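Taking it in order: structure first as C-alpha cells, then the write-up.
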Amino acid sequence: MPVYSSLTHALAEALVDVLWFVEGSEEEQMDPDDAVKVLEGVAHLVSKLSGDQRNELIELLGTMAEAESDPARREFLEGFPEGFGLIEDGI
C-alpha cells in the first residue's frame, strides 16, 4: 500500500523536506548564496503554476501542516504558501 495518496502528495513532501533542510542549514552545511538560489528557484517555479495547481498545493500543504507533530515544521508548512508566493499578502 502506498504511503502517499498521490504522486502530487509524495512530491510535495519531498519538496518540503528539501526546503526545510535548506532553510535550516548552517553555513558549514550549505553555502548561503546557494541556499538563496534554491529558495528563489522554488518560488519562481511555483509562481508559474496555474490557479488550480496553486490551490491544490495550498490545500495539500494545509493537510500536511495539520498532520505535522513538529511545531517548527508545522509553522514552516503553514507559512509556505505566502513565503513562496503561492498567495499574495492580504489575500
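Give 65, 35 a once-over and let me know the one that is modelled with pLDDT of 95 or more, assigned to a helix (DSSP H, G or I) and open to solvent by less than 30 Å² (accessible area, probe 1.4 Å). The match here is 65.
Tell me which residues, restricted to the range 1-32, are assigned to a helix (DSSP H, G or I) and over 15 Å from the mean Cα position of the chain (by Cα). Passing the criteria: 7, 32.
All of (1) more than 12 Å from the chain's Cα centre (by Cα); (2) over 23 Å from residue 4 (Cα atoms); (3) open to solvent by less than 70 Å² (accessible area, probe 1.4 Å) hold for residue 44 with one exception: (3). Kindly indicate whether any position in the range 48-59 is of a type in the set (Val, Ile, Thr) and open to solvent by less than 40 Å² (accessible area, probe 1.4 Å). Looking for residues that are of a type in the set (Val, Ile, Thr) and open to solvent by less than 40 Å² (accessible area, probe 1.4 Å), one finds none in the range 48-59, hence no. When every residue of the range 50-63 is checked against the conditions, at least one turns out to be closer than 16 Å to residue 23 by Cβ and of a type in the set (A, V, I, L, M, F, W, C).
Number of residues in the range 23-32 that are under 18 Å from residue 79 (Cβ atoms) and either loosely packed, with under 15 Cβ neighbours inside 10 Å or out of contact with any helix residue (DSSP H, G or I) (no Cβ under 8 Å at 6 or more places or on another chain) (or both) equals 2. Within the range 1-22, being surrounded by fewer than 13 Cβ atoms within 10 Å (Cβ to Cβ) and closer than 18 Å to residue 73 by Cα holds for 14, 17, 18. Residue selection: residue 64 fails the criterion of being at negative phi and free of Cβ contacts under 8 Å to residues at least 40 places away in the same chain.
The values are calculated or read from the model by the stated rules, or taken from the named source; none is laboratory data. These numbers were taken from a predicted model, which means no experiment stands behind them. Reconstructed Cβ throughout: ideal geometry from the backbone, glycine too, with neighbour counts over all protein chains shown. With ligands, DNA and RNA removed, areas are computed over all heavy atoms of the protein, side chains included. Shrake-Rupley method; radii C 1.70, N 1.55, O 1.52, S 1.80 Å.
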